[in-house]
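So the structure is just underneath, and the comments pick up after that.
Every read-out reported here was derived from the displayed coordinates using simple, explicitly stated rules and does not represent laboratory data. Quick caveat: nothing in here was measured; it's all calculated off a predicted structure. In this analysis, Cβ positions are derived from the backbone assuming ideal geometry, glycine residues included, and neighbour counts consider all displayed protein chains.
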Amino acid sequence: MQRLSHQSVVKHFDAYADVPWDDPDYTIDATDARWELDDDHGLAATEWYRSQPPEVRARHRIAIHRRQHEGRLTVRKHSEARTARICLPAA
C-alpha cells in the first residue's frame, strides 16, 4: 500500500524510454487523412485544395506546419541576436 501511495504522487515520464518509438504503430504516415487541413483554414476552402487526392492534401498540411515552425525559429534567432547586440557590450 505504501508503494501505491508513493507512486500516485511521484510522476515520471521519459519520452526516450517510455515511448516505443520503433513500434510500427508510431510510424508517421504523411499521407494519412488525419493530416488534412481543417475546413476553417483558408487553403482548405479553395476548390484547388478540395480537388486534390487525400494523400496530397495531407502532405500540404505537413509542409505548411514545417514552414510555420521554421519561420518561428528564424524570428526567434533574429530576436535573440538583436537582444544580444543591445544587452551585451561590444568587445
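What to note about this one:
- Our estimate of slack between GLU70 and ASP14, defined as 0.36 nm per intervening residue step minus the Cα-Cα distance, is 17.6 nm.
- Protection-proxy order for peptides 53-60, 27-34, 15-22, each taking the mean of Cβ atoms within 10 Å per residue, highest first: 53-60, 27-34, 15-22
- Sequence-ordered 3J(HN,Hα) estimates for region 28-43 from the Karplus curve with 6.51, -1.76 and 1.60 and θ = phi - 60° stand at 8, 9, 5, 9, 5, 4, 5, 7, 4, 5, 5, 4, 7, 6, x, 5 Hz, glycine and proline given as x.
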